[in-house]
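Before any comments, here is the structure.
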Amino acid sequence: MSLRSTALCTGGAALAALVGFTASGCGPGEPSSTEDLVYPGANLMIISIDTLRADRLGAYGNTRGLTPHLDALAGESILFENAYANSPKTASSHMSLFTSMLPTEHGLRNFAPRKGLPLKAMASNRTTLGQVLNRNDYYNATIASGGNINGQMGFSRGFGQDTFMSGLREVPDIVSDAKTLLNRLTPQEESAGLHWFMFLHTYQVHAPYVPPQEWIDKFAIEPQGRSGELMQPMLKMSIQQQWKHMHDGLWDHKAEFNAEDGEYLMSLYDAEVAYTDHVIGRFIEWLDQRDILDDTILVVLSDHGEEFFEHGEFEHDQLHEEHLRVPLMIRLPGGTLGGKKVSGLTSLIDVMPTLLEMLDIEVGSGLQNQMAGESLTPSMLSGRTNGRPVFAERVMFVEAYQAALRNEASNVIFHEAEKRLQAFDLSTDPAETEDISGNLDFLRKAAEALKSALTRVLLRRHAYDQESTGVNVDLSSKELDELKKLGYIGDGDEDIEVKLPEGTPIENFPDLGDG
């Protein structure tokens with residue numbers, strides 16, 4: 001794969017005008033300010049490879065040779081080395097991406113009829129990236145694989161007739177639909193100055209991990225353990241049949257699995273990663289050959305990772321490194337800053353404000369207050385983020401709520417149902433293998449930061465919920481200060497008083513005393 005890296009600016013203003021937008025940084029040399037990273041009217045494409053762990057990519061240090069095409073793309077992109085999802089669940093994580101709100105704030109969670117969780121829609125007073133772009137004359141299209149990317153949940157907001165969010169499909173089908181749509185849009189783009197936003201999503205890497213046989217032969221090990229027995233019938237099924245039997249044919253038995261099963265299932269997962277890289281890589285090559293790539297901001301990311309018994313479980317139901325660390329690469333028009341690596345923590349809530357700034361879209365005070373993330377354009381220049389702690393939640397099942405706060409030194413996890421905390425010293429234990437919550441000196445500081453973050457999130461959620469139901473809100477003095485800091489109210493609003501409703505997770509947060 002060979003992606004073109006000629007910067008758009010090198011053609012001068014005439015070329016920039018031909019492709020429908022100008023980059024304010026046109027001129028010799030590397031960008032020197034965030035103004036040089038603004039591309040008004042550029043197209044935008046986000047590719048979400050559901051369940052893709054960052055550590056499976058060569059660009060993130062993997063040595064198995066699974067992702068040559070994504071690694072080549074990373075060489076022409078800005079790569080964020082320590083990007084984390086804000087939830088290990090598809091609906092919650094993607095909606096955090098599209099609203100720059102944390103899961104409890106936007107209030108969306110997965111639906112799971114098997115577990116008695118019905119489909120739930122996000123309240124209308126949360127604004128999505130699609131809605132913002134639509135209001136700024138973007139033509140928006142989605143080609144997704146359904147499931148918990150469901151239009152009725154709020155994912156179709158801002159998108160028009162080209163919104164396909166139903167039916168499990170293999171990744172080549174997603175790419176084929178995207179090509180068909182782009183072939184239709186490109187003439188309109190050239191003749192009428194159309195600019196578009198396209199969101200592509202695939203579950204290909206997600207369980208049950210059954211790529212075409214040639215990829216299994218190349219990357220998977222011989223079947224072993226109980227999972228090896230259970231997987232054999234599924235290898236011969238269609239994708240629809242695989243998903244139908246995934247739980248009763250595989251995950252309903254995972255209590256019987258061990259590290260041997262983890263090794264086998266990860267090898268199948270790796271085969272899926274390699275297959276998906278092959279298909280996505282050819283698609284990016286196609287974009288380049290048709291001169292689409294260099295007038296588009298291309299973002300490749302994932303919504304969460306996957307566990308293979310590292311912490312005694314499977315799938316994505318915890319808040320450790322393997323569940324939350326995801327790839328995040330942004331290719332700018334012309335490959336500007338290609339190969340730049342950015343260290344420091346960031347998370348998916350930072351993507352929306354970053355894209356809006358680069359597209360030169362004005363953000364009003366209401367949306368600015370909504371977005372919990374921050375623009376990463378300064379980090380693209382400096383090579384390091386501000387390193388803000390990453391707050392993450394597991395909100396799918398009420399009885400198993402979890403919240404975590406990760407900084408560069410620690411990860412502390414709150415388990416509401418058990419009223420307990422876990423703590424990990426990342427400076428000596430980056431794989432989070434040793435829970436040191438018994439070290440109260442270490443735990444208190446990390447836990448206090450987590451409790452404070454959770455309180456702010458609950459206050460923001462409550463304020464939005466009260467607004468959406470038309471109920472007037474009043475703030476106690478302490479809660480008033482919190483919302484002032486968040487920009488929700490000004491100094492003239494002290495006559496209102498807000499109280500969190502009963503039954504919030506904070507009530508079960510352990511009391512560690514004063515030390």
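Quick look at the numbers
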read-out: Amide H partners (placed H, <5 Å) of Glu76, local residues excluded; value: Gly339
read-out: Dipole moment magnitude, nearest 20 debye, the chain about Cα centre, only Lys, Arg, Asp, Glu C-beta charged; value: 940
read-out: Mean residue ellipticity (222 nm) of the chain, computed from DSSP H runs ≥ 4 via -39,500 (n - 2.57), nearest 500; value: -10500 deg cm²/dmol
read-out: Three-way shape label, region 174-266, alpha-carbon gyration tensor, a/c 1.5; value: prolate
read-out: Ranked Ile361, Ile280, criterion: other C-beta atoms within 10 Å, fewest first; value: Ile361, Ile280
read-out: Ranking of Ile297, Ile239, Ile284 by count of other Cβ atoms within 10 Å, fewest first; value: Ile239, Ile297, Ile284
read-out: Extension gain from Arg290 to Thr63, taking 0.36 nm per residue of separation minus the Cα-Cα distance; value: 78.5 nm
read-out: DSSP bridge pairs, the chain: antiparallel proportion in percent, nearest 5; value: 50
read-out: Long-range amide H partners of Gly154 with built H, under 5 Å; value: Met122
read-out: Inter-probe distance in nm under a simple model that places probes 7 Å from Cα toward Cβ, at Gln466 and Ala259; value: 5.2
read-out: Whole-angstrom gap from region 308-335 to region 134-182, using each part's C-alpha centre; value: 23
read-out: Entries of Lys89/Lys120; Lys419/Lys451; Lys179/Lys236 with Cα pairs more than 20 Å apart; value: Lys179/Lys236
read-out: Per-residue Cβ neighbour rank within 10 angstrom, fewest leading, Phe391, Phe80, Phe309; value: Phe309, Phe391, Phe80
read-out: The chain: projected area of the alpha-carbon convex hull, averaged over directions, in nm²; value: 24.2
read-out: Qualifying aspartates and glutamates (Cα of each under 16 Å from Cα of Lys340; at least 8 residues distant if same chain); value: Glu30, Asp36, Asp71, Glu76, Glu81
read-out: Amide H contacts of His195 (H built 1.01 Å from N, under 5 Å, at least 5 apart or other chain); value: Tyr139
read-out: Rel. contact order, % - alpha carbon contacts under 8 angstrom, at least six apart, the chain; value: 21
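Bear in mind these aren't lab numbers, they're just calculated from the coordinates by the rules spelled out. Source: prediction; values computed, not measured. Neighbour counts run over all protein chains shown; Cβ positions are idealised from the backbone, glycine included.
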